[in-house]
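K.L.:
Got a structure for you, written out below as structure tokens; questions coming shortly.
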Amino acid sequence: IGSCTDITERRQVEAILRTHSEALVRSNADLEQFAYSVSHDMRQPLRTIAGHLHLLELGLAEQLDEDNKESLAFALDGAKRMDAMIVSLLDYSRIGRKTEPKIYMEPRESLNEALQFLEVEIEEKRADIVVQGDWPVLSASRDELTRLLQNLIANAIKYHDSEDVPHVTVVSTEHAGLWTVRIADNGIGIEPKQIDKLFQFFSRLQSRARFDGNGMGLALCRRIVEHHGGRIWAESEGEGKGSTFVFEIPLAQNETPD
Ligand code: ADP
């Protein structure tokens, strides 16, 4: 007695899947190369523009009237801002490629490092930072986690009315194979319908006159969390009600270090 199964269709589907996944790998590599070239190669001409604008500013200081001086200053500021945006894109394209590989580590150490980097801001604003919960050991890229925590805590300190004293809580929990961190502040809050926009490239809700920044911090955070197989989101009841940024990363996904 024998049995015979026709697997022609399965083989065809497998071949199609293989072709698609090869195409996907190629297109990802192309995109990475594109992001790298755009950000790397465009900086050089931009630096030339900024450098010469600066020379013009110095050379023409005596001859220019106030309006023309202002125009030159705007042009120089624009070139500098564009350079900062390009540097952020370069940083973005480096996540997972040029960052530290994943190793077993204690994210609590990344938090300590992030708080050290933020020492000046914390002192200036007399911010009160409370750290709570259980901090697990997991496989992660150390510099990426430091960056993630630093960006989120920096925002929690920054987005306040000037007279406010920032109160920030950082709570870590481990449950059902997920590591979750909630960073809550008592700051200016976010209109709920604006929340989805925050994680996009160069997305900002406030003017640069009120809060400095280029809107890439949260896009970078999302990229880091996704590189660790997790997700990130924000919660707020509205303006003036504070905000909470939450990310969760599966522990199991990271059992095999890079
Ligand atoms: P940046 O701070 O450089 O503008 P981000 O990507 O870090 O860029 O943040 C994007 C926008 O999200 C900010 O411009 C701000 O409008 C909003 N935002 C981020 N964090 C907070 C927070 N803790 N409270 C209120 N708004 C925030």
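The values are calculated or read from the model by the stated rules, or taken from the named source; none is laboratory data. Worth saying up front: this structure is predicted, and the values here are computed from it rather than measured. Every residue, glycine among them, receives a Cβ derived from its backbone with ideal geometry; neighbour counts consider all protein chains shown.
K.L.:
The conditions are (1) more than 12 Å from the ligand (Cβ to nearest atom); (2) without any contact (Cβ under 8 Å) to a residue 40 or more places away in the chain; (3) touching a Gly at 6+ places or on another chain (Cβ under 6 Å), and PRO250 fails exactly one of them. Which is it?
P.N.:
For PRO250, the failing item is (2).
K.L.:
Exactly one condition in (1) more than 18 Å from ALA114 (Cα to Cα); (2) within 11 Å of the ligand (Cβ to nearest atom); (3) surrounded by 21 or more Cβ atoms within 10 Å (Cβ to Cβ) is not met by PHE202; state its number.
P.N.:
Of everything listed in (1) more than 18 Å from ALA114 (Cα to Cα); (2) within 11 Å of the ligand (Cβ to nearest atom); (3) surrounded by 21 or more Cβ atoms within 10 Å (Cβ to Cβ), PHE202 misses just condition (3).
K.L.:
Being loosely packed, with under 14 Cβ neighbours inside 10 Å and on the phi > 0 side of the Ramachandran plot is the filter here, so list the residues in the range 88-99 that pass it.
P.N.:
In the first step, residues of the range 88-99 are kept if they are loosely packed, with under 14 Cβ neighbours inside 10 Å; the result is 97-98.
Across the range 88-99, there are no qualifying residues.
K.L.:
Tell me which of these LEU90 doesn't satisfy, since it passes every other one: (1) hydrophobic (A, V, I, L, M, F, W, C); (2) at pLDDT below 90; (3) more than 20 Å from the chain's Cα centre (by Cα).
P.N.:
(3)
K.L.:
Under 7 Å between Cβ atoms, at least 6 apart or on separate chains: pull out the pairs that start in the range 141-161 with a residue that is outside any strand (DSSP E or B) and end on any residue that is among the charged types (D, E, K, R).
P.N.:
ARG142/GLU100; ASP143/GLU100; THR146/GLU113; ALA154/GLU121; ALA156/ASP185; ILE157/GLU121; ILE157/LYS125
K.L.:
Among the numbered criteria (1) assigned to a loop (DSSP other than H, G, I, E, B); (2) more than 12 Å from the ligand (Cβ to nearest atom), which single criterion is violated by GLY189?
P.N.:
(2) is the only condition that GLY189 fails.
K.L.:
Continuing with the same structure: Can you tell me which of TRP179, TRP233 is closer than 25 Å to VAL131 by Cα, out of contact with any Lys or Arg (no Cβ under 9 Å at 6 or more places or on another chain), surrounded by 18 or more Cβ atoms within 10 Å (Cβ to Cβ) and at pLDDT 95 or above? Even if it seems obvious, please write down each step before you answer.
P.N.:
On the way: TRP233 fails: surrounded by 18 or more Cβ atoms within 10 Å (Cβ to Cβ).
Matching residue, one of TRP179, TRP233: TRP179.
K.L.:
Another question, if that's okay. Go through the range 205-236 and give me each residue that's among the acidic types (Asp, Glu) and within 12 Å of the ligand (Cβ to nearest atom). Give the derivation first.
P.N.:
Step one: list which residues in the range 205-236 are among the acidic types (Asp, Glu), which gives 212, 226, 235.
Selection gives ASP212, GLU235.
K.L.:
Name the residue that is farthest from ARG108 (Cα to Cα), counting only residues in the range 159-171 that are touching an Asp or Glu at 6+ places or on another chain (Cβ under 8 Å) and buried (at least 19 other Cβ atoms within 10 Å of the Cβ).
P.N.:
Top of the filtered list is HIS160.
K.L.:
I would also like to ask the following. Of the residues that sit in the range 100-135 and are surrounded by fewer than 17 Cβ atoms within 10 Å (Cβ to Cβ) and closer than 30 Å to ASN28 by Cα, which one is farthest from the chain's Cα centre (by Cα)?
P.N.:
TYR104
K.L.:
Mind checking which residues of the range 5-31 are among the small types (Gly, Ala, Ser) and under 30 Å from ARG94 (Cα atoms)? So that I can check it myself, show each step before the final result.
P.N.:
Our first condition is that a residue be among the small types (Gly, Ala, Ser); within the range 5-31, this holds for 15, 21, 23, 27, 29.
Listed by number, the residues that qualify are SER21, ALA23, SER27, ALA29.
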